[in-house]
1. If you take the residues of region 1-42 that are in a loop (DSSP other than H, G, I, E, B) and modelled with pLDDT under 75, which of them is surrounded by the fewest Cβ atoms within 10 Å (Cβ to Cβ)?
2. Cβ contacts < 9 Å: first residue within 17 Å of residue 95 (Cβ to Cβ), restricted to region 152-168; second residue in a helix (DSSP H, G or I) and of a type in the set (S, T, N, Q), any location; separation 6+ or different chain. Result?
3. Quick one: which of 62, 78, 35 is over 30 Å from residue 119 (Cβ atoms), in contact (Cβ under 8 Å) with a residue 40 or more places away in the chain and small (Gly, Ala, Ser)?
4. Based on this model, can you work out whether residue 79 counts as under 26 Å from residue 131 (Cβ atoms) and surrounded by fewer than 19 Cβ atoms within 10 Å (Cβ to Cβ)?
5. Identify all residues within region 121-154 that are closer than 18 Å to residue 83 by Cα and either in contact with a strand residue (DSSP E or B) (Cβ under 9 Å, 6 or more places away or on another chain) or not in a helix (DSSP H, G or I) (or both); write none if there are none.
6. What tally of residues in region 53-72 results from selecting those that are assigned to a helix (DSSP H, G or I) and in contact with a helix residue (DSSP H, G or I) (Cβ under 8 Å, 6 or more places away or on another chain)?
7. Which members of region 155-188 meet the condition of being part of a helix (DSSP H, G or I), modelled with pLDDT of 90 or more and polar (S, T, N, Q)?
8. Run down 163, 146 and say which single residue is in contact with a helix residue (DSSP H, G or I) (Cβ under 9 Å, 6 or more places away or on another chain) and either of a type in the set (A, V, I, L, M, F, W, C) or at positive phi (or both).
Amino acid sequence: MGKSHNESHHLYTNVVGSSNDMHASSAVANFIFGGTNNHIAHHLFPNYHHIYYPKNSRIVYGILEKHHIHPNHTTYRGGVVSHRMAAKTYDLNQYVMDKFLGLPLQILEKKGYQGTDSAEYATEYFIYTRELEGLSDFADWLEKLLQSEAFLVFREKYDQTRLDLDKETNTETRRYLLKFIRQLSDEF
């Protein structure tokens, strides 16, 4: 049995309200990103090839404008900022993202202070999961980010440097390792 009008309306409203387009009407952005910057069209038409997203976006935006609905937008800078924020979050607690997505925690052997950056903290106090209403698009984005080559390289370098830092006793070397961790986060 199909969805009722109210169920469909809620689904579409949720998709539009929780998706962020990035320069959806820009020919340059669509060329550079292959149409994947059109997240609303992607979530409304997931089985369409990404080259059709710009055209679908124009149609969807016409309908939204007719109904006085304003979709969410971000800029290229906003996308870069969101990646940096993900790196900073990972720096604060390596386990929170995995906990949010329901993935097994990859425990690092760490010495020294283990407050909010511990697996126990993520398990006991971090209450957000991908199942919470309104977080599915963010969870999809985060999952793709965590599987990206760039994040995997970042994570490997970060985790190894963190382990090296925990073993290091020389103050100057520790200072260098901390600087390298900050640099990794800033460059991601």
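The values are calculated or read from the model by the stated rules, or taken from the named source; none is laboratory data. All figures in this text were calculated on a predicted structure; none of them were measured in a lab. All Cβ positions, glycine included, derive from the backbone under ideal geometry; neighbour counts span all protein chains shown.
1. Residue satisfying both the conditions and the ranking: 1.
2. That search, which allows pairs on different chains as well, returns 154/185; 158/185.
3. Only one candidate passes the filter, namely 78.
4. The answer is yes for residue 79.
5. Within region 121-154, 135, 137, 141, 148 qualify.
6. Here is the first cut: in region 53-72, the residues assigned to a helix (DSSP H, G or I) are 53-66.
With in contact with a helix residue (DSSP H, G or I) (Cβ under 8 Å, 6 or more places away or on another chain) added as a condition, the list becomes 53-54, 56-57, 60, 64.
Counting residues in region 53-72 that are assigned to a helix (DSSP H, G or I) and in contact with a helix residue (DSSP H, G or I) (Cβ under 8 Å, 6 or more places away or on another chain) gives 6.
7. If the condition is that a residue be part of a helix (DSSP H, G or I), modelled with pLDDT of 90 or more and polar (S, T, N, Q), then 160, 161, 171, 173 are the ones that fit.
8. 146
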